[in-house]
Structure formats: C-alpha cells, structure tokens
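One structure is given here, and the rest of the page talks about it.
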Amino acid sequence: MRNHDAIDAIAAQMAQEESRRQFFGRGIQGIGALALGSLLGQDARGATGVKTTGGMPGLPHFPAKAKRCIYLHMVGAPPQIDLFDYKPGMKDYFDKDLPESIRQGQRLTTMTSGQSRFPIAPSVFKFAQHGKSGTWLSELLPYTAKMVDDIALIRTMHTEEINHEPAITFFQTGNMIAGRPCIGSWVSYGLGSMNSDLPSFVVLQAKHTHPRANVQAISARLWSAGFLSGQYSGVGLRSGGDPVLYINNPDGVPMEMRHKMLDALGEMNQQTFQKLSDPETKTRIAQYEMAFRMQSSVPELTDVSKEPESTYALYGEEAKKPGTFAQTCLMARRLAERNVRFIQVYHRGWDVHGSLPEVLPSQCKDVDQGAYALVQDLKQRGMLDDTLVIFAGEFGRTIYSQGKLTATDYGRDHHPRCFSLWMAGGGIKGGVVHGTTDEFSYNITENPVHVRDFQATVMHLFGIDHDRFSYKYQGLDVKLTGVEKASVVKAILA
Amino acid sequence: MIDRYLASPQYGAHRAHYWLDAARYGDTHGIHVDNYREMWPYRDWVIHAYNRNLTFDQFTIEQLAGDLLPNPTLEQRIATGFHRNNVTTNEAGLIEDEYAEIYAKDRADTTGAVWLGMTVGCATCHDHKFDPIPQKDFYALGAYFRNTTQRVMDDNIPDTPPIVLVPALEDRERWPQVSARLGELRTAMAKARQQEPAAFAQWLTNARPTGARPLDTASEWFTADLPKLAEGAKQAKMAESNIAGRAALTFTENEGLPVPSSPKLDADQPFTIALDFFFPKAEQSYTLASQQVTVKDPVLGDRTQGWVINVGGRVVGMNIWGDNGQNIEIRAAHLEQIKHGTWNHLIVTYDGSRHQSGLGMFLNGRAIATQGRGNQNVVLKGAIALDQPLLLGRSLKDGAIADFRIINRVVNESEAYLLSRWTAIDAALSRQAASTADREALLVYYLSKQDPAFGKLASELTALNLEARAITRRGAITHVMNERMDQMPSANILFRGAYDQKRAKVEAATPSVLPPMPADLPNNRLGFAKWLMRPENPMTARVTANRMWQEVFGIGIVKTADDFGSQGEPPTHQELLDWLAVDFRENGWDMKRFYKQLLMSATYQQTAVATPAKLAKDPENRLLSRGPRFRMDAEMIRDYALASSGLLNLKVGGPSVKPYQPEGVWEAVAMIGSNTRFYQRDGGDKLYRRSLYTFIKRSAPPASLDIFNAPSRESCTVRRERTNTPLQALVTMNDTQFMEAARNLAQRAYVAAPVIDGRLDFMTANLLARPLDGPERQVAIKAYREYAAYYDTHPSDARKLLQVGEKPTEKAPDMIVSAALAMLAHQLLNLDEVLTK
C-alpha cells in the first residue's frame, strides 16, 4: 500500500546526507548529487532548478503553475454583501422581509431560525468600480481595489456547512468531521519540500484588533495531516515566544555548544548504526541535522531588520508590529522566498452576528493593505507567477439582519448558499469576476463554485489532477475532494 | 523481573496510555469552545483495572455497559465513561440532529475499531460491494450507543449529564449513606406534602396576625421594605403587577435604588439571597442586585470587589469578587433559560467556604442545573464586604422586584420552595382565603411552622445538604452512560449519511456478517458487550491479541490493527495470531498472563541487530527476524528522561497536570470565552508526573507529546504513527523538561563518583543499562572536555544552564564541572539508543 513511503524515506535521507556534507563539511559516503537529482525526478518537477525532496512518484501529473501557495483564511466568515457582492437594489428593500421565494425554506442556524422575521439589511458601505476590469468593491477594501486586475474574484462559492467549526474543517480537509488531511498536508505529501532548512508547510496566525470582534475557534486539526504521516502537518510559525516550538536552545547553550553537542551525538549515533544497522538511526542522525539547520535558518527568516523602508511603505507601519496581519503577510513572503511550499495564514474575528457596521471596518483595515502588499511584493519579485495567493472565509452571511436592524446597525447570520473569495497569481487570471448571485446575494444564479471545486482548482494549479490523487485509508481511496464530483474552475485560469 | 513489573502500580499506568488512545480520553470537550471536561476518574479506572488484572471480558463489559449490570458499583459506572469520551460541542446555531448522528457514528466507529477490527463507518452513506458491513448494520450497531439520556449540547460545562460523583477516598463509605438518607428525607417530606393533616383545613380558616415570615426570625437577616424604598425615588416606583395581585417595585430607569442599612455579605459568612423579579426583554442583560466597586489599582490594573446578581442571555447568575479581583461564579445551565415577560424567583445560596462549589441555585423553587464547577482552583481571597450600599435594579428598566430577602444560612429545598412562593403565600394569608393554587404552598408553610416532625426532617435535610456539598467539593465528577429505559435502542438509516434524510427505522443489532446474538442476551449495550466476548465471536480475541502484540513488538501481526477486513493488511503470521487469540480467551482473558507470555518469548528476546540480509528480506521486521526496536512513544520518551534523572513522580491517579509548555500554545487557537484559553503551568512535583497525567486540551494537545505522535484524542486511535522528524529533535534538545532532566541526572552523577569516568558510567547505567564501549567512551569524554573548556571561559552560561527548570541545582562545589556534565547528560539523553526501545 505504501511502498513509496520507503522510497521517500531513502530519498529524503540521501538528500539530507548530501546537504549535511555541505553543511558540516565532512565527507560521509553517500550517493552523488547527480544520481540524487535523477532519483528525485527533479527534471519533472520544476524548470527553475529548485531541488525537491520527498513527494509522490508520478506527481505532478502535469506541469504546475503554482509552486507555492499563501492561503489567507478569514475565520468567522466575512460578509460578501458588504465587501465583494454589490447589491445596489437592496437599498429599496431596507427592513422589508426577505421574500419566501428566495429563502425557499432553507435551513438556518438555530441562532436566527427562531426570528419572527428576516428584515433585509442593505450594506451601509459604498461600492465603486475599479481597475480596467471595472470590478465592484466596497469602500472598506481600498487597497484590494487597487489590485482588482491582479485577482480573480469568485462570487459564487457555496458549501453545505452552516457552522464555523465544521465549515472550516470542510474547507481545509474536504470533510466536516476532523481527521482528514488538510490541503497544505496533501500538497506537501504529494509534491515534497523545496527547502531543506524549513518545513514545507507553515501555519501563521495574525491578530485582529477590534476588541469586540466576535472570535471563532480554530484548532490544530485544521493543519493536521490526518491519516497522512505527521511529517506533513503544518508547523506553526509564531509571532511571540519561540517562533517555532522548541527552536531556541535552553539558556546557557549557545549555538556553538549546540554544534559541538550535535557533532558528538551524531558520532555516537553513527556508532549505534554500525552495530545495529537500523535505518531509523540513520534517519534520526539526519533529522538532528535538519533540526540544527532550522535553528540556524529560522532566526534569519524571522529577522526583519534588514527589510528596507520600502517594505514598510508597501505593507504599512503595522508590519513592524509582531503578530499583525501586515507583519504576517511580510513573513509569508519571506517564507515563500525560501520556497516553503504551503503557507497558511489565519485571521480571526469575522463572525459579525451583530454591530457589523462598527466591527467590519476594523477587520478590513487589519487585512486590506497587508493582502495587497503581499500580492504586489510577490509581483515585484517575479514570484507571483508561481505563487498562488488565496483570500477566503468558510461561508457567507445573510442579507437579512440578525437581531435588531436600524439605519446604522445590523448583524448578519451564517449563509452557506453563496459567498465570495479571491485568488491571485500561480496560474490565476487577473481581473476576472466569476459567477453571479441573485439580487439578494442569497442564491447563485450562474456558475456556482462548490468548496470541492475550489479544492480541485488549487490542486490543478499545483499540477495535480484531484481525481487521481488519493491515499488508501481504511480501505477507501480517499481524496481531498471526497467522493462527489468536483470540477476545476477553468474560467479563472490564466 | 517481569513479575515485578507486572505487580508494580506503574504497570497499569503504562498499559493505560495505549488504551486511552483507543478510548479517546481527553480533558476538554474538543469542539468549538473546548472547555474543561472533568473525566479523569475514568482514566484512573483504566489504570486500576490493569493493576488489579481485571480480565478483558469484564474490562469490556464494564466499559461498554457497566451501568446496565445488576446493582452496578460506582467503579462499574465510572467505567462507562469509555463512550462519554467522544468530542462534543456547544456551538451556538448548530442543528442537534446532525451532532446526534456524529456522536453515534463516533461510538460505532470506536467500538468497531477496538473490538471488531472493522471500519464500520465506511457504510455511513451506502453499501460497498465488497464490504461485509452493509449500511443497515452500521446504523443498527450505532443504535446501541445512542439510547441515552445525554443531550447533544454539552453546555460548555465540565460536568455534562449524565455524570456521577466520585467521592474522595475518605468519603467513599459515608457518601452512599448521605445520598441514601437524602433520598429518604426528600421522599418523606414529599409524602408529608401530599397528605393534608386533619388540622390543616381548620388552620386555614383561622384568622392570623400579619407579619408572617417564610423562615424563622433567627435565620432571616434582611428583608427589603420595598414601598419605603420607592418613596421619593425617581428611578423606581411601586406599581401594580400580575404577581399575586400585589404592587411591585418597578424600575423606570437603568439606575440602581440604594438600600440603606443592608447587611454586608462577606466571604466567610454563609448566606442565601432570594428575590422575585420581572424579566422584561429576552435580548437584554439586567443587573438585579449588586454591591460592588471598582478598585483603582495603578500597578495591577482596576479590579472589581463585591457581588452581583444578573441575567444575561436569558440565564441568571451571580458573581462574587474577593479583594484580589478573582471571582467565583454560579450561572444557570443553558437549558434553564428564563422567558421574558415573566416573573421568576431566584435563590442563590453560599456556604461560606470561599469555593466556587460553595454556591447553589434555585430557580422558581427548584434546584436547577448550573454551569458546573468552572475553574475549581479559584478560591475567594480576602474580604468581599464593602461600605457601599446594596443596589437593587442597577440596570432593570421596565423590570420589577416583588420580594427581596437575605438569609444568614444556606436554605434547604423545602425552604427554597416557601421563599419562591412567598408573595403568593403572604397574600393568601393576609386575605385569609387561599385559592387552590396556593393550597400546597400554604400546606408547606403550615408543616414548617406547625408540624414538629416535618421541622425535624427539614433541619436534618439542611445539615445533610451541607455535608453532601462538602463531599462533592472533595470528590470529582466523571461522565457516564445512562440508558433510556422508556424505549429500546433503535436508529434510522440515513440516506447518504445525511442527518435530515431519515429512512427506515432499525432495531439495534450486531453486524450480520458475525454470529448472531443469542436470544437469552438483552438487546442493549449489555447484551452487545457480552456478545463480543462469546467464544463463537471470531473477532474480539484476535483483534485484542493483535493489539497487545503491537504494544510489545511495535507493529501488529495484522499491521492495520483497526482493520482486519479485506481492505486491511493480511496477517503476517495467521496461525500464530489464531493460537494467541484462543490461548488468551481460554485462559480467562488474563491480560497480565498474556503480556508475560509475549515478553518471555524467544521472539521478543532475540537480538535487535539487523544484518544486511535481514534488512533486505525483512525491512520492517514484519517477519520477526530480529528483536523489536522502535522509537518509544511520546509519553515514554518524556517519562524515561524524568525517571533516569530521578525526577519522576510516581504518584498514581488524580486530576490532570500541566507541566512545562511553551507560551501561547493554547491561546493561539482558543475562543476568548474558553476556560482553557490560558495554560497555567503547575509547579512543584506536578511537573514530574508521568506523561499520561498531562492535561489534554484536544484542540491544542500537549505540544511536546503531539510532536512525538501522541494523538489529539479527538477520535479513537488503536495504532499510533511513529515518525522521525526534526521537530522531535528540537523537543528533546530544547524543551525545559529535558534539559532539567539532564541537569538532574548530571547532579546525581556528580555525587555518585569523583571523576568523569565514573560519572559517565553512572549516567549510562541509568540511561542504557550498560557502560559505553571504547570508541563511544572516547567520543563522550572528548565532548565533555570541550563542554568544560567552554564553560570555563563562559561561567555566566554555566550559571544559566544550571538554572533551567524549576528544580534548583543543589549547591555544587564546581559550577563548571556541573554545567559540562549537564551538557554531557543532555547529549546522552538524545542518543538514538535512549529514544529507542
């Protein structure tokens, strides 16, 4: 069932040895770099000559457009009606009931299913057209507005899930119940790592600023490798404390001593290997060296002191504060530069059940400039072509108000039947607006995109046919996109 | 030697960590808010079950159906926590049917994986051509586990019913007596209320003086004179109400009405506050009564002191703050939400213990479920009493208060009932004519005041309630199964597994591919558990023997320990497995005997050396060509470091502990309101408990264990992964726990021998059970000299190193030597040979 795992392990080990020779500068017998390259099938993987370790034989299925992905997830579900899905006609419907012909008895969360009426709350925010594409966007996203021609906006996302926990889990893993691998793990497992000093899948969390924002939970299961090997789980890169858990030496142990200790440890482990010939010992020696390389490279990664002022002109002064979304985006760029394959960012506080006009501007201000700067920065560096950027939530929000509706105040409940997200770079066509919803932003009228279709599209950009990429688990060939049909959204491909 | 290990209490602790993976034991609910769940008595049950060598058939029956055994013992009920370990939710807005299905599926999947070696969940949506479990069987199996009194929403409380109280050892004998006597008293008092004494009717017609009180004068501490308070007040007035036709203090503004000369409540003083109030609007929060100040503190920030009784989210509650700003709180459970536009009577009792568990609540005369025990470690510090007057209705616009009393002790159920009906009783007494609705209340009043026998029962009840509360505080709660007796277990088949696509109803049944359940067994969990252990059942013994083999050899005879079906891997040694299974069953499911047999086997005791020939033919050692050699489990790695350093605390059982963990692991994922948002590390010897006692927050499992593949315990795991990653190296190199262990091992070596050679021998004897050979020794000593040379020139680093971890380094004559030895110990602790079994 998993023959390739053994091959993986050997290949990874050889790659480690190869770089160890470079690093430690001592000659350990191993296979030559040339042979290594061919063993890894490097030619098939990339034209840029980035070395890849691990990954599945036969992948990618076809040349990849995206080598890396930066996935910005807005936890809590941003309201599409106030940001992306312009519905000018709604102002005439203020406080009128949502017509039953639109709702069609659809299931609601138990937070509003008891409401006696469903009064329509038009967005209080102004919309305008931007760019050559003339894309309509809310005034809350002035920076995003400047790059509408770089992004593809999908307005017709839909899902089955109506609560956060299952909906995010579904977005990330293709199943509402925890236990399946997430997208980042699938990609790392399938395509391997392009960096021998850092994990191939990194997770970052950005702070939100509004004190009364309604915050939803996330959990380690969202970046878990599920039934794939744990080595494909996301590794947290943190803005406080140790940037990577346990990366810093204990007090009184400088790097110089760590190096001495690892040399001696490696030698003794080598002696053990000579006695017992357990390949796991060999792997362990390599992993300690990888750990040391991480210890050396993580400080360099997180040290932003050499970033020029122009960086902060682009990302904003907020990017100087650890943990802000802007700083997280900057860190995501630095990770992408180092060829970390999958970078997952979470920003919370989007669950605007109430006080939306007060909270939403703050949430948008948190993320707008950072997301814009990230895309522009990647573009300037020539990396946008092969780096996919995603900006999404887990579902949408209702046109009707949850709780009391006034001219200046309203809230919105969860809405799975339509919502918006955008993607950029990595094989995505810019300036595209995909799909249309009805005048209430309630139902999709044209070109629906299911979460599965989104997942299939991400896989496609990585050169993977989602239908042919599975893992045998409990007797089933499990795919990220599950058993139901999923289609690549061709209209947004470059 | 093997017998000694099997007899040690640590045997059970070790075995338990495997079983707890299968049982998906954790210390939080798992989904969404992921609050604390009090469940550790179940974990301790597992440890003790192994230690007293409970046979596997009994072990099974008690965990799956202990509650259905005749006259189940407390232990047998605790055991049923097995199927209360599944993750649960309280996310607002969810649809309960959907989660009822998810819970049932989890229990069916877990049972299937643990006892049947079958992945029954594959059949959730539809039949599969080659799968022995059709869809109907999946729902029929799940039916056994969903016929429960448990609600879907866990209420975010630590003690979601059904639960049992597990008294502390010193209370084990007394507790059944107290609870039995409480039952008797309540029955006797209820009976008295159903039989009107002959004199009652006569008494009813008698004229009475005004000024009656619900309780005795000695107990009634304070009664608010509402009409007097309203005089001249602009924020409230006496107005007609629909409560007993009486006027009530009605608030016209959100501004409290001060109550002059009200009593000062304090932390060591028991009290009961009782009030009748009108709740105007569902979506608004109200402060009913309070006595509180904000104390400005320029250093620590502002803090609150005093108390407040309020309604928020339609739930009543009370908070009490001591003078260090910490508060204890009682809040009605979610299912006790009150309706707006109604009168409600609230009683909060406090026993003067300073503990959160010293609070109790009655709503409309009835003791109600409250939001559990919260953070049990919180204790009130200092005083709560203030000079500020008590305020009624600080924010209660459009609401009203009809009665407000403070009593100087904890009231019992009968008194609570009287208080809750007092407005009506008082009105009836003064009218001198009772309506039928008041008659029962008047009878209770009559009995309390006029019937000495009833009074005796009532005062015994008061005393026993207090004792029960104290026992509860000393004890623990654990979650158990409780069968619904009003229906037989059944389920609906769901079209494509969708909760809202209910199809045919099926009775609970065992999978049709296996021998049927005999007719003499009851068709419930108990019958199912007994059926599992029947000799004709081919799966249980094989699956269990295989799992035990896997624990010892690192890999099962059937590698897919959770899947013996056609989709799993075939056994490498079919006959061996068959023999082991039969042997296990025929020897009375004796687990200690079985483990001993494996450990004594020539297969286990052969050398672990892998020759090139063996590696080529048998790379994974599936053919058992050599002795088992595999990286230890997460818990063992940490425990081994602690044990070899002499730090390990061998205490068995008790609440979970929180050892070292990097900052921010919990906060990074937690909800703001979660009571497991901030990781408050324990100190002292709790840092050195065995790892199976480490608190498991399921949405952010213990970081160092997680990295070594310890499952998050969100679902059943019968086969752990065993990866070999750089992050693992970072843990054993940099986790405070491991460096502290190294430091302590070095300290012991320092004392044990005068020179480096002897010290090295001491350390390797502890870690490897052997001295190093020549070449190894050379490397180790050379490294030690390098360490010493470094610390000699960097004494401040030596000092820092010797301060890693909480346990102080005892005064060492030579700091440089100690630091260099600590580094050497640290190096040895990271050896492949140490990390590998």
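The values are calculated or read from the model by the stated rules, or taken from the named source; none is laboratory data. Just so you know, these numbers come straight off a predicted model, no measurement behind them. All Cβ positions, even for glycine, are placed from backbone atoms using ideal geometry, and neighbour counts span all protein chains on display.
Here are some notes:
So that you can scan it fast, the table gives a plain yes or no per residue for (1) polar (S, T, N, Q); (2) under 21 Å from B:Thr717 (Cα atoms):
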site	(1), (2)
A:Ile162	no, no
A:Glu165	no, no
A:Gln172	yes, no
A:Ile183	no, no
A:Gln205	yes, no
A:Leu222	no, yes
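- Residue that is surrounded by the fewest Cβ atoms within 10 Å (Cβ to Cβ), among those in segment A:220-232 that are within 7 Å of chain B (Cβ to nearest Cβ) and free of Cβ contacts under 8 Å to residues at least 60 places away in the same chain: A:Gly230
- Flag for A:Asn248 being out of contact with any Pro (no Cβ under 6 Å at 6 or more places or on another chain), polar (S, T, N, Q) and facing another protein chain (nearest Cβ under 7 Å): yes
- A:Arg284 meets the conditions (1) facing chain B (nearest Cβ under 9 Å); (2) closer than 18 Å to B:Asn734 by Cβ; (3) within 29 Å of the chain's Cα centre (by Cα); (4) modelled with pLDDT under 95 in every case but one. The failed one is (3).
- Sole exception among (1) touching a helix residue (DSSP H, G or I) at 6+ places or on another chain (Cβ under 7 Å); (2) among the polar types (S, T, N, Q); (3) closer than 23 Å to B:Tyr18 by Cα for B:Thr560, by number: (1)
- Residues in segment B:791-806 that are under 49 Å from the mean Cα position of the chain (by Cα) and either without any contact (Cβ under 8 Å) to a residue 12 or more places away in the chain or farther than 21 Å from A:Pro254 by Cβ (or both) were compared, and the one that is nearest to the other protein chains (Cβ to nearest Cβ) is B:Lys800.
- If the condition is being in a helix (DSSP H, G or I) and either of a type in the set (Phe, Trp, Tyr) or closer than 13 Å to B:Glu586 by Cα (or both), then segment B:520-539 contributes B:Phe528, B:Trp531.
- Being farther than 20 Å from A:Ala392 by Cα, under 23 Å from the mean Cα position of the chain (by Cα) and touching a residue at least 60 places away in the same chain (Cβ under 8 Å) holds for only one residue in A:Ile464, A:Ile428, and it is A:Ile464.
- When segment B:588-617 is filtered for residues that are β-branched (Val, Ile, Thr) and within 14 Å of chain A (Cβ to nearest Cβ), the ones remaining, listed by number, are B:Thr607, B:Val609, B:Thr611.
- Some residue of segment B:639-654 being within 13 Å of another protein chain (Cβ to nearest Cβ), at pLDDT 95 or above, surrounded by 16 or more Cβ atoms within 10 Å (Cβ to Cβ) and closer than 30 Å to B:Ala746 by Cβ: no
- Residue check: A:Val203 meets all listed conditions (1) closer than 30 Å to B:Tyr103 by Cβ; (2) surrounded by fewer than 23 Cβ atoms within 10 Å (Cβ to Cβ) but one, namely (2).
- Helices (runs of 4 or more DSSP H) enclosed by segment B:57-172 - at least 2 residues per element that are among the aliphatic types (A, V, I, L, M) and under 30 Å from B:Ile672 (Cβ atoms): B:96-111
- Pairing each residue of segment B:293-310 that is assigned to a loop (DSSP other than H, G, I, E, B) with any residue that is surrounded by 14 or more Cβ atoms within 10 Å (Cβ to Cβ), provided the two are 6+ apart or on different chains, yields C-beta distances under 8 Å for B:Asp297/B:Arg303; B:Leu300/B:Gly325; B:Asp302/B:Val295.
- Applying the set (1) without any contact (Cβ under 8 Å) to a residue 60 or more places away in the chain; (2) over 17 Å from B:Asp21 (Cβ atoms); (3) buried (at least 24 other Cβ atoms within 10 Å of the Cβ) to B:Val46 leaves exactly one unmet item: (2).
- Residue in segment B:552-559 that is free of Cβ contacts under 8 Å to residues at least 24 places away in the same chain, of a type in the set (Phe, Trp, Tyr) and away from every other protein chain (no Cβ under 14 Å) present: no
- For segment A:200-258, a tally of residues being modelled with pLDDT of 90 or more and at positive phi returns 2.
- Scanning segment A:101-133 for residues that are in contact with a Gly (Cβ under 9 Å, 6 or more places away or on another chain) and away from chain B (no Cβ under 14 Å) returns A:Ala121, A:Pro122, A:Gly131, A:Lys132, A:Ser133.
- Subset tally (residues that are within 15 Å of B:Met733 (Cα to Cα), of a type in the set (A, V, I, L, M, F, W, C) and assigned to a loop (DSSP other than H, G, I, E, B)) for segment B:799-828: 1
- Taking residues in segment A:289-311 that are among the hydrophobic types (A, V, I, L, M, F, W, C), and partners anywhere that are loosely packed, with under 15 Cβ neighbours inside 10 Å, the pairs with Cβ atoms closer than 8 Å and at least 6 places apart or on different chains are A:Phe292/A:His259.
- Qualifying residue in segment A:100-119 (condition: out of contact with any strand residue (DSSP E or B) (no Cβ under 7 Å at 6 or more places or on another chain), among the aliphatic types (A, V, I, L, M), in the same structural domain as A:Gln402 (by TED's automatic domain parsing) and not in a loop (DSSP other than H, G, I, E, B)): yes
- For segment A:101-127, the tally of residues that are in contact (Cβ under 8 Å) with a residue 12 or more places away in the chain and closer than 16 Å to A:Gly411 by Cβ stands at 14.
- Segment B:695-733 - residue that is facing chain A (nearest Cβ under 7 Å), under 19 Å from A:Glu289 (Cα atoms) and of a type in the set (Ser, Thr, Tyr) and, of those, surrounded by the most Cβ atoms within 10 Å (Cβ to Cβ): B:Thr725
- Residue within segment B:456-467 that is aliphatic (A, V, I, L, M), over 30 Å from B:Pro197 (Cα atoms) and touching a residue at least 12 places away in the same chain (Cβ under 8 Å) present: no
- A single entry from B:Ala643, B:Ala616 fulfils the requirement of being closer than 30 Å to B:Tyr688 by Cα, free of Cβ contacts under 8 Å to residues at least 12 places away in the same chain and either small (Gly, Ala, Ser) or in a strand (DSSP E or B) (or both): B:Ala643.
- Pick from segment B:49-62, criterion under 22 Å from the mean Cα position of the chain (by Cα) and of a type in the set (A, V, I, L, M, F, W, C), ranking: surrounded by the most Cβ atoms within 10 Å (Cβ to Cβ): B:Ala49
- Check on B:Ala769, on the phi > 0 side of the Ramachandran plot and either without any contact (Cβ under 8 Å) to a residue 12 or more places away in the chain or within 9 Å of another protein chain (Cβ to nearest Cβ) (or both): yes
- With respect to (1) of a type in the set (A, V, I, L, M); (2) closer than 30 Å to B:Leu824 by Cβ; (3) under 39 Å from the mean Cα position of the chain (by Cα), the lone exception for B:Val609 is condition (3).
- Qualifying residue in segment A:160-181 (condition: more than 27 Å from A:Phe342 (Cβ to Cβ) and within 13 Å of another protein chain (Cβ to nearest Cβ)): yes
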